[in-house]
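Before any comments, here is the structure.
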Amino acid sequence: MKRLLLVLALLVPACTEEAPIIGDDKVSVTVIANVPAATGPVYLAGSIEELGPWDANGLIMQGQGTERTATFSMDDGEELQYKFTLGEWSREAVDENKFPLDNFILTASEGLTVEHDIAGFRPDMRVLMDDWEGSGVIGTLVYEQDVESAFLELPRHLSVWLPRDYDAPENASRRYRVIYMTDGQNLFDPRIANTGTDWGVDEAMMRGVEAGEFESAIIVATWSTDQRFEDYSPWHNGPQYARFLKEELKPRIDAAFRTLPERENTFAMGSSMGGLMAMYLVTSHGDTFSACGCVSTHTPLSPNVVAEWTGEKADPTPYLTRDIEEGRLTIPEGVRMFFDYGTETLDAEYGPGHEELRRFFTSQGLEEGEDFLIREYPGAAHNEAAWRARVGDQLTWMLAGNVPLPQAGAGTNREVE
């Protein structure tokens, strides 16, 4: 009987409030968040395994009032970057101006306690979507929430932007070209955009129209999900995402709006991983998409980059390089492609990959300036503000055809009434 009780004691955890036992190389760290009254459950998300890493609901903080606390162990001297959320990235902590906070950073040491005053959290996106006019958008935003797909695991929101001339009586029979874009939450509404800065695609579109550079187009923008990487990677779930666009979404859009559905009037655009997806849509589905705008395209992506997220090692050869070397990357006749990148932050790593693309395109008989364009923007970083500054160049390339673009960095972001 004593032996049975001993075994049970080893198997059943004790229900105490004592701190977990920490090894010799571990230290205890406490993070305190002072939040507004009536705030719901608060979560700590960050760069260490215990916080996800970077899961929006990584570690629930203790307490129900205005003070929330999380205590956990880390390696002595280890750096942690972290944020606070209400369980979703769409509900992360913001400052007094409703802009998302930068990552907090600490270096672990025994007994370290850090405290933060949090002004609030992003409001529920659905409230902002209902108040689309409050975004200041030029034109009309049509939202569809939680769009399901037979090809994708997670539902996603959808933004359809209609230019302000779409509903003009004189345009009642006019049809429009369509650009399909990724990361739709970042394109039109600064209240929703991840960094508090939207791309201003609506403004850039109307600047081009008013300057007589091109005719307006409809923007169909799918929001990203927690599976953004998998969905936008051509070497992971990207083929399924492409089927969602081609087989499910595009037919619905063509039925609901006055579109020009033909290949020559259908384009793709995105940034970073979204740039890879835009290129994939044109090169692998050239029967549907005829041109792409690839912004800060993440050309270094490789099996090793993916493996490093789990602390492992793999082949460092970029996927694009392997596709070129093994003959898997082909260019359909008549497509047009625009790639760009900056020279700061993550974009500083993108030059070699784009030079490789330039050599490959040229070897395939493509003419730069006619069939493709690759442009470097000196001083530009990897963020929405940088993309906002040059999105007009991408729109001009796709919608105006082969017209000379202004010098890189010149910018045309004047206000539109």
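Here, each number is a calculation from the coordinates, and none is a lab measurement. Predicted model, so just to flag it, every value in this text is computed and none were measured. With ideal geometry, Cβ positions are generated from the backbone for all residues, glycine too; neighbour counts draw on all protein chains shown.
Key figures
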read-out: Orientation-averaged projected area, Cα convex hull of the range 237-394 (nm²); value: 10.2
read-out: For Rg and Dmax of the Cα atoms in Å, calculated from these coordinates, the label among (1) 25.7, 100; (2) 20.0, 62; (3) 24.3, 91; value: (3)
read-out: Distance between the range 62-108 and the range 195-219 - C-alpha centres, whole angstrom; value: 36
read-out: Charge dipole of the chain about the Cα centre (unit charges at C-beta), most positive-ward option of Gly136, Pro332, Ala33; value: Pro332
read-out: Kirkwood hydrodynamic radius of the range 186-266, from inverse mean 1/r over distinct Cα pairs, in Å; value: 14.9
read-out: Estimated vicinal HN-Hα couplings, Hz - the range 314-321 in sequence order (Karplus 6.51, -1.76, 1.60; Gly, Pro = x); value: 7, 4, x, 5, x, 4, 4, 4
read-out: Under 5 Å, built H, 5+ apart or other chain: amide partners of Val42; value: Met61
read-out: Within a Gaussian network of the chain (alpha carbon springs, distance under 10 Å), most fluctuating of Gln145, Gln185, Gln240; value: Gln145
read-out: Measure of compaction for the range 15-121 (Cα Rg per 2.2 N^0.38 Å); value: 1.04
read-out: Percent breakdown of C-alpha pair distances by 10 Å bin, ordered from the shortest bin, for the range 83-223; value: 10, 34, 28, 17, 8, 3, 1, 0
read-out: Residue among Leu395, Leu51, Leu106 with the largest mean-square fluctuation in a Gaussian network model of the chain, springs linking Cα atoms under 10 Å; value: Leu106
read-out: Potential lengthening between Arg359 and Thr30 on full extension [0.36 nm per residue; Cα-Cα distance subtracted]; value: 113.2 nm
read-out: Karplus 3J(HN,Hα) series, Hz, for the range 377-393 with 6.51 cos²θ - 1.76 cosθ + 1.60 (x for Gly, Pro); value: 10, x, x, 7, 9, 9, 7, 5, 4, 5, 5, 4, 5, 10, 4, x, 5
read-out: Estimated distance in nm for a label pair at Arg126 and Arg243, the labels positioned 7 Å out from Cα along Cα-to-Cβ; value: 3.0
read-out: Fully extended contour minus Cα-Cα distance, from Asn265 to Arg164, at 0.36 nm per residue; value: 34.4 nm
read-out: Ascending count of other beta-carbon atoms within 10 Å, so fewest first, for Val295, Val29, Val306; value: Val306, Val29, Val295
read-out: For the range 131-138, 3J(HN,Hα) per residue [Karplus equation, 6.51 cos²θ - 1.76 cosθ + 1.60, θ = phi - 60°, Hz, x = Gly/Pro]; value: 9, 4, 5, x, 6, x, 4, 8
read-out: Nearest-20 debye value, the chain charge dipole, Cβ charges on Lys, Arg, Asp, Glu; value: 880
read-out: Ranking of Met129, Met398 by count of other Cβ atoms within 10 Å, fewest first; value: Met129, Met398
